[in-house]
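*Asks:* Structure below; questions to follow.
The values are calculated or read from the model by the stated rules, or taken from the named source; none is laboratory data. Fair warning: this is a prediction, and the values are worked out from it, not measured in the lab. Virtual Cβ from ideal backbone geometry, glycine too; neighbours counted across all protein chains shown.
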Amino acid sequence: MGAVPSRLSWRVATVRAVQPETQRVLSLVLDVPGWDGHQPGQHIDVRLTAADGYQAQRSYSISSAPEDPAITITVERLDDGEVSPYLADVLRPGDGLELRGPIGGWFTWTTQDGGPLLLVAGGSGLAPLMAMLRHRAARRSTVPVRLLYSSRGFDDIIYRAELDRLVSHDPDLAVVHTLTRSQPPGWTGYARRIDGAMLAAVAWAPEARPLAMVCGPTPMVEAVADALVALGHDPGRIRTERFGPTGG
Ligand SMILES: Cc1cc2nc3c(=O)[nH]c(=O)nc-3n(C[C@H](O)[C@H](O)[C@H](O)COP(=O)(O)OP(=O)(O)OC[C@H]3O[C@@H](n4cnc5c(N)ncnc54)[C@H](O)[C@@H]3O)c2cc1C
């Protein structure tokens with residue numbers, strides 16, 4: 001019998017499908033041989049190797065639920081980036097992709113962790129939180145969840161149709177959008193970056209002790225975590241995942 005692949009050993013997945021999400025974001029559905037599941041919130045490392053042996057490695061959150069047999073990552077293309085343009089523009093169904101994982105244990109949530117659950121995302125930071133929402137839906141959980149999601153514009157909202165569908169038949173799920181750069185005509189929702197006043201309006205009171213999961217560009221994550229603490233939320237109930245160095 002061969003050795004069981006560890007989650008930290010590299011293996012080659014096969015791209016099953018490439019799904020456009022927005023103009024700059026797409027999802028890659030991957031078949032990973034020997035994959036034995038993940039927790040919502042975990043990520044994988046992806047490694048690219050050039051012909052001359054040069055390697056580049058980046059992390060991507062798993063956006064699919066553990067209940068889904070394939071794993072999905074959702075990638076935002078940064079035009080000047082090294083890895084994301086390759087994932088977004090070059091990979092096709094049937095191609096191989098080297099990865100390892102699942103990785104991460106702190107930024108995870110399953111229905112057993114209960115709630116109420118406050119999800120706060122910026123841009124592609126929705127990916128690991130989507131794994132939590134998909135897992136919760138697959139389990140028909142009634143844990144109360146509120147998602148506050150910041151996007152640049154209406155057409156930049158990732159999984160917009162799926163979020164609408166989830167909300168439409170789930171009284172325990174609320175989704176609040178804020179659009180920071182452009183708003184469609186007639187938009188009545190928030191139109192600024194997430195701040196303390198917005199969090200006070202959307203989040204539960206600190207006394208309800210919501211578990212907060214915050215993910216997105218580093219400055220946004222830090223601003224949200226600071227604002228939640230300033231509102232009186234227990235720092236021990238705030239979990240964060242920082243995606244990158246800039247504010248996007
Ligand atoms: C735990 C974890 C999970 C992640 N999950 C995802 C995910 O699900 N989806 C996803 O799209 N990305 C995710 N990221 C970010 C991802 O790992 C890469 O950093 C990102 O794809 C950029 O890589 P690149 O090689 O294309 O750009 P690089 O060549 O590394 O950088 C190009 C330029 O973009 C800037 N930059 C780098 N990263 C970011 C960023 N995140 N936001 C804004 N500007 C940036 C750099 O400063 C530089 O100017 C995750 C990061 C971490 C740490």
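*Asks:* Does any residue of region 211-220 turn out to be away from the ligand (no atom under 16 Å from the Cβ), over 25 Å from ARG140 (Cβ atoms) and either not assigned by TED's automatic domain parsing to the domain that holds GLU162 or not hydrophobic (A, V, I, L, M, F, W, C) (or both)?
*Replies:* Narrowing region 211-220 to residues away from the ligand (no atom under 16 Å from the Cβ): 211-212.
Then drop every residue that is not over 25 Å from ARG140 (Cβ atoms), which leaves none.
Looking for residues that are away from the ligand (no atom under 16 Å from the Cβ), over 25 Å from ARG140 (Cβ atoms) and either not assigned by TED's automatic domain parsing to the domain that holds GLU162 or not hydrophobic (A, V, I, L, M, F, W, C) (or both), one finds none in region 211-220, hence no.
*Asks:* Next question. Could you say which residue among ARG139, ARG165 is touching an Asp or Glu at 6+ places or on another chain (Cβ under 8 Å), surrounded by fewer than 16 Cβ atoms within 10 Å (Cβ to Cβ) and basic (Lys, Arg)? It would help to see each step written out before you state the result.
*Replies:* Details: ARG165 fails: touching an Asp or Glu at 6+ places or on another chain (Cβ under 8 Å).
Of ARG139, ARG165, the one residue that is touching an Asp or Glu at 6+ places or on another chain (Cβ under 8 Å), surrounded by fewer than 16 Cβ atoms within 10 Å (Cβ to Cβ) and basic (Lys, Arg) is ARG139.
*Asks:* Being within 12 Å of the ligand (Cβ to nearest atom) and assigned to a helix (DSSP H, G or I) is the filter here, so list the residues in region 100-151 that pass it.
*Replies:* GLY123, SER124, GLY125, LEU126, ALA127, PRO128, LEU129, MET130, ALA131
*Asks:* Here's another thing I want to ask about it. For residues that are assigned to a helix (DSSP H, G or I) and over 22 Å from SER151 (Cα atoms), scanning just region 221-248, find the one that is farthest from the ligand (Cβ to nearest atom). Walk me through it before giving the result.
*Replies:* First, the residues of region 221-248 that are assigned to a helix (DSSP H, G or I): 221-230, 235-237.
Checking the rest, the ones that are also over 22 Å from SER151 (Cα atoms) come to 229-230, 235-237.
Numbers: VAL229: 22, ALA230: 25, PRO235: 20, GLY236: 21, ARG237: 20 Å.
Looking at the filtered set, the residue picked out is ALA230.
*Asks:* Right, something else. With the requirement that a residue be more than 11 Å from the ligand (Cβ to nearest atom), closer than 22 Å to CYS215 by Cα and of a type in the set (A, V, I, L, M), what does region 56-98 give you?
*Replies:* Correct list: ALA65, ILE71.
*Asks:* Quick test of your reading of the structure: LEU48 fulfils all but one of (1) within 13 Å of the ligand (Cβ to nearest atom); (2) closer than 26 Å to ALA161 by Cα; (3) surrounded by 11 or more Cβ atoms within 10 Å (Cβ to Cβ). Name the failing condition by number.
*Replies:* If we test LEU48 against (1) within 13 Å of the ligand (Cβ to nearest atom); (2) closer than 26 Å to ALA161 by Cα; (3) surrounded by 11 or more Cβ atoms within 10 Å (Cβ to Cβ), just (2) comes out false.
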